[in-house]
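Contents: one structure, followed by commentary.
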Amino acid sequence: MSIDTATAARVAKLARIKVEEDELPALAEEFNAILGFIEQLGELDVDDVEPMTSVTPMRLPRRVDEITDGNQQDKVLANAPDAREGFFAVPKVVE
Amino acid sequence: MSDLNKLTIADARDALRKGDVTSVELTEACLGAIDAADALGAFVHKTPEIAMERAAAADVRIKAGDAPDMCGVPVGIKDLFCTEGVDSQAASRILEGFKPEYESTVSGKLKDAGAVMLGKLNMDEFAMGSSNETSVYGNAVNPWRAGNSDAALTPGGSSGGSASAVAADLCMAATGTDTGGSIRQPAAFTGIVGLKPTYGRCSRWGIVAFASSLDQAGPMTKTVRDAAIMGRAMMGHDAKDSTSADLAVPDFEAMLTGNIKGKVIGIPKEYRMDGMPEEIEKLWSDGAEMLKDAGAELRDISLPHTKYALPAYYVVAPAEASSNLARYDGVRFGHRASLAQGDGITEMYEKTRAEGFGAEVKRRVMIGTYVLSAGFYDAYYNRARKVRALIKKDFEDVFATGIDSILTPATPSAAFELGKEVSDPVEMYLNDVFTVTVNLAGLPGVAVPTGVDKTGLPLGLQLIGRPWEEGDLLNTAYALESAAGFVAKPAKWW
C-alpha cells in the first residue's frame with residue numbers, strides 16, 4: 001500500500017492538522033516508511049483470533065447515575081484561551 | 001551528613017525517623033543540586049516554594065509519629081502528570097501555560113503520603129519518543145558519558161528527565177510513565193531502576209493520556225527497595241479510572257527477602273535478536289547465571305509472536321493517540337493559534353494543532369487517523385488488536401507452564417548520542433523492541449542495572465512478571481541487583 005500526496009492531504013485534513021502543500025511529499029514518504037514497517041502484520045493468519053478489547057478481562061464498573069460533581073465554572077474556564085461571560089469563546093461557527 | 005541528595009528513599013526514611021536529618025535539609029540539598037544541574041535539562045518547571053512548604057509540613061508529621069514511608073522524601077514529577085496550580089504541559093507547546101485545577105491521582109497519593117515535589121521533569125512530547133528529543137523544552141541530557149568523550153548522550157525516553165534527575169542525584173526518585181518502554185528504557189540508559197506496574201495498578205486519572213490501553217505510571221528509583229516503597233505509595237484503586245484494579249496493594253518492601261530458591265526464570269529465545277551487540281548478549285547470560293546461582297531454575301521458553309509486537313504497537317498506540325489528542329483544539333486549554341481575517345473554527349483547529357504539536361506527535365496522530373479511517377480499520381487497527389491478543393497469549397501460555405518471571409535485555413544498546421537517531425522514526429522505534437511486548441500484554445516489568453559496556457555506560461536487564469505479582473517480581477529483581485552489585489555512578493561534569 002503506497003500513500004500519495006492526495007492521501008496524505010486527506011489524512012491531515014481528517015486529523016485537523018494544517019500541512020502546507022510543499023510538505024506533503026515528505027509526509028507521504030514518512031507514512032510509507034512507517035506503514036511499510038507495519039505491513040509485517042500481514043504475515044500472520046489471524047482469521048480465528050478475537051481482537052483484544054480489554055487488557056485485563058473485566059466488565060467495566062458501573063455506578064449510580066447521579067450528579068456527583070459540579071458548580072466549578074470558574075475552574076473549568078480558568079485555562080481557556082478565550083472565555084467570556086461564563087462560556088468558551090470560538091470563531092464564528094455558523095454563517 | 002553530607003551529600004544528602006545522594007540518599008536512597010530507604011536511607012532517607014530511616015534517617016528522618018531517627019531524627020538524624022530533616023526533610024527541610026534533604027529538600028534544600030536537592031534544590032541546590034537541581035540549580036547546579038541546568039545543563040542536564042531535567043527539571044523544566046522548578047517548584048522550590050512548594051517543596052519547602054511540604055518539607056516543613058513533613059517534618060512536623062514525622063515528629064508526630066506514624067508518618068508514611070514517603071513522608072519528607074524529595075521527588076521529581078514527570079511533566080505528564082497534572083499537578084494543581086503548577087505547569088503541566090506534557091512537554092508540548094500546545095499545553096503552554098496550562099495550570100491544572102486538579103491533581104493527578106498518582107501525584108496526589110504521593111503528596112498525601114508527604115512526599116515533597118521538587119518540580120516537573122522533562123520528557124518527550126506527549127511521551128512520544130525514546131530519546132527525550134521531541135520535547136518543547138529541548139533535550140534532557142544523560143549524566144553519563146562514554147569513556148573520555150564529552151559527547152552529550154540521550155537519557156532515553158520518554159521519561160528522560162526523570163531518569164537523568166535520579167541518576168544525577170537531583171532527587172531521591174521520580175515518577176515516570178511507560179506506554180512502550182518509557183520507564184524501563186531510560187532507567188537502563190542511566191543505571192537506575194524503573195518499574196512499570198501491571199496495567200491497572202496505578203490510576204491513569206490526571207495523567208495526560210497518550211495510549212490509554214498501554215499507559216501506566218511507575219517509580220524510577222536508585223534501588224529496587226526504593227521502587228518497592230515508592231511503587232506501593234503510587235498504586236491503588238481509583239474510581240476515577242475505569243480500568244483501575246480494585247485489588248489490595250501489598251507491602252512490597254516486606255517481600256524483598258532476596259530468596260528466589262525454586263523460582264523458574266524463563267529465557268525467551270525470540271529476544272536473541274540478529275545483530276545484537278555481544279555486550280548485551282553477555283549481560284543477559286551473566287544475569288541469568290546470577291539468578292541461577294541464587295537458586296532459581298532457568299528454562300528456555302518461546303514467545304513466538306515477539307517480532308510482531310513493535311508493528312502492532314505502532315498501530316494501536318497511534319490509533320489511541322489520535323483519539324486522545326483530539327481534545328487539543330484550542331478551545332478549552334493551552335495554545336490557540338492567532339487567526340487571519342475570515343478564519344473559521346476549522347482553520348482554528350488546523351492552525352492551532354499545526355503550531356502546537358511537534359513533528360513526531362503530528363506524525364503519530366496522522367498515522368493513527370489513517371489506520372482508523374474508513375477502509376483501513378480492519379486491515380490495520382483490527383488486525384493489530386488481533387496480533388496483540390496473540391502476544392498476550394504467548395505470555396499466558398508460558399506462565400501456565402510454571403514460569404515465575406522472564407529475563408530479557410532492557411534495551412538493544414547503551415545510551416546513544418543525542419541527534420544520532422532522530423532522523424529515522426522506524427530506527428528510533430526499535431529502542432522499545434524488548435519492552436513493548438510487556439505493555440501490549442499489560443504485564444509488570446522492571447529494569448535493573450547490572451553492568452557497564454566497554455566505555456563505562458550502564459546497561460540494564462528487564463524482568464517481566466505475572467499480572468499483579470509486582471512483589472514477587474521485585475524480589476527477583478532484588479536478588480539480581482544484589483548479585484550484580486552495580487554501584488557505578490556518573491562522574492559529575494555538569
Dipole-positive endmost among B:Ala39, B:Thr27, B:Gly72 within segment B:27-107 (Cβ charges, Cα centre): B:Ala39
Using only Cα atoms and rounding to the nearest 10 degrees, what angle (0 to 90) does helix A:24-38 make with the longest principal axis of chain A? 70
Put a dot 7 Å past each Cα toward the Cβ at B:Thr257 and A:Thr5; how far apart are the dots in nm? 6.8
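Multiply the residue separation of B:His237 and B:Glu396 by 0.36 nm, subtract the distance between their alpha-carbon atoms, and state the gained length in nm to one decimal.
Working: separation 159, 0.36 × 159 = 57.24 nm, distance 2.41 nm.
Result: 54.8 nm gained on full extension.
Between B:Leu298 and B:Leu339, what length comes free when the chain is fully extended (0.36 nm per residue of separation minus the Cα-Cα distance, one decimal in nm)? Intermediate results must be reported in sequence, preceding the final value.
Working: separation 41, 0.36 × 41 = 14.76 nm, distance 6.30 nm.
Separation in residues times 0.36 nm, less the Cα-Cα distance, equals 8.5 nm.
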Show B:Glu427, B:Glu101 ordered by accessible area, largest first, where the area counts protein heavy atoms only and the probe is 1.4 Å. B:Glu427, B:Glu101
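Holding the Cα-Cα limit at 26 Å, pick out from B:Lys99/B:Lys420; B:Lys120/B:Lys222; B:Lys454/B:Lys492; A:Lys13/A:Lys75; B:Lys78/B:Lys362 the pairs that are longer than that.
B:Lys99/B:Lys420; A:Lys13/A:Lys75
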Under 5 Å between amide H atoms, partner at least 5 residues away or on a different chain: which partners does B:Tyr199 have, H built in plane at 1.01 Å? B:Leu443
Could you work out how far apart the two model spin labels at B:Ala151 and B:Val426 are, taking each label as a point 7 Å from the Cα in the direction of the beta carbon, and quote it in nm? 2.4
How much of the accessible area of chain A, in percent, comes from carbon and sulfur atoms when a 1.4 Å probe is used? 49
Residues A:Thr53 and A:Asn32, FRET efficiency given R0 of 25 Å [Cβ-Cβ distance, rounded to 0.05]: 0.25
Note down the relative contact order for segment B:382-494 as a percent, whole number, built from C-alpha pairs under 8 angstrom at least six residues apart. 27
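Suppose R0 equals 35 Å. What FRET efficiency, 1/(1 + (r/R0)^6) with r the Cβ-Cβ distance, do B:Thr346 and B:Tyr102 give to the nearest 0.05?
FRET efficiency, B:Thr346 to B:Tyr102: 0.70.
Give me the extension gain from B:Met276 to B:Ala488: residue separation times 0.36 nm, minus the current Cα-Cα distance, reported in nm with one decimal.
Details: separation 212, 0.36 × 212 = 76.32 nm, distance 2.39 nm.
Roughly 73.9 nm would be gained on extension.
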Segment B:225-360, relative contact order [Cα under 8 Å, separation at least 6], %: 17
Quick tally, 1.4 Å probe accessible area for A:Asp22, B:Asp424, sorted with the most first, runs A:Asp22, B:Asp424
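If you average the sequence gap of Cα pairs under 8 Å that are 6 or more apart and divide by the length of chain B, what percent do you get for the contact order?
Values: 1215 pairs, mean separation 89.1, N = 494.
Dividing the mean separation by the residue count of chain B yields 18 percent.
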DSSP loop trypsin sites (Lys or Arg not before Pro) in segment B:174-263 with at most 15 other Cβ atoms within 10 Å of their Cβ, which ones? B:Lys240, B:Lys261
FRET efficiency estimate (nearest 0.05) - Cβ-Cβ, A:Gln40 to A:Ala78, R0 51 angstrom: 0.65
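Show me the ranking of peptides A:79-92, B:399-412, A:6-19 by mean Cβ neighbours inside 10 Å, starting with the highest. Before the final figure, lay out the partial values.
Values: A:79-92: 13.1, B:399-412: 21.1, A:6-19: 18.8.
Highest to lowest by the protection proxy: B:399-412, A:6-19, A:79-92.
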Do any residues of segment B:302-347 lose at least 40 Å² of accessible area when the full set of protein chains is present rather than just their chain alone, and if so which, with a 1.4 Å probe? B:Tyr308, B:Pro311, B:Val331, B:Arg332, B:Arg336, B:Ile345
Under the rule of at least 5 residues apart or a separate chain, name every residue whose amide H is placed under 5 Å from the amide H of B:Val452. B:Leu459
Label-point separation, B:Ala359 to B:Arg93 (7 Å along Cα→Cβ), nm: 1.3
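The values are calculated or read from the model by the stated rules, or taken from the named source; none is laboratory data. Bear in mind that the values here come from a model prediction, so they are computed numbers and not experimental data. We place every Cβ from the backbone using ideal geometry, glycine too, and count neighbours over all the protein chains shown. Quick note on the areas: whole protein, heavy atoms, side chains included, nothing else; ligands and nucleic acids left out. Shrake-Rupley method; radii C 1.70, N 1.55, O 1.52, S 1.80 Å.
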